[in-house]
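Here the structure is laid out as structure tokens; the discussion comes afterwards.
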Amino acid sequence: MLQQLSDVVRHCYRRAGENRRRAEIAPNPSTAETCYQLEQGWLRLAESCQLSQRVSAFLQSTSISKYVVARPAAFDWRDMSTVPFDCEIEVSTLDDDVYRVFVFPVRHRATSWVADGFPGPLDIAPTHWRQLMNRRW
């Protein structure tokens, strides 16, 4: 069965190819190794996205989907115009056409973003936020 690649997966494969080409023309072995490692990271991400898409498609196509509980609305991403001040939240940014979720909680203070364990304000420009989800570290 042929499957169409999603835009995200296609992007991952494109970035992997770019890094492969960079590795092949790298000026030194250290740079080449870094590019090969980046290529492998993009390939793993593509495989992970494909697996996630296959699982989602399976759940939607079977009766098991009616037993999957949706996340509460409190955990949904929200527009930055509604961001609360001085509360620990999770944020995400759009960088190079890829959404990147920060793995640490941040706080919005007046004109800056701060996080515990980081000296000074963070140089970030989040595009959306959500309340912290329960995490196991």
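Laboratory data are not the source of any read-out in this text; all were calculated from the coordinates shown. Quantities reported herein were computed from a predicted structural model and do not represent experimental measurements. No Cβ is skipped: glycine too gets one built from the backbone with ideal geometry, and neighbour counts run over all protein chains shown.
Observations, loosely collected:
- Net charge contributed by nearby residues that have their C-beta within less than 11 Å of HIS128 (K/R +1, D/E -1): -1
- The stretch between VAL101 and VAL114, if pulled fully straight at 0.36 nm per residue, gains 3.1 nm over its current Cα-Cα span.
- Mean silhouette area of segment 7-67, derived from the convex hull of its C-alpha atoms and averaged over all directions, reads 4.5 nm².
- From phi via Karplus (6.51, -1.76, 1.60), per-residue ³J(HN,Hα) for segment 14-28 in Hz, x at Gly/Pro: 5, 5, 4, x, 4, 5, 4, 5, 4, 5, 5, 10, 4, x, 8
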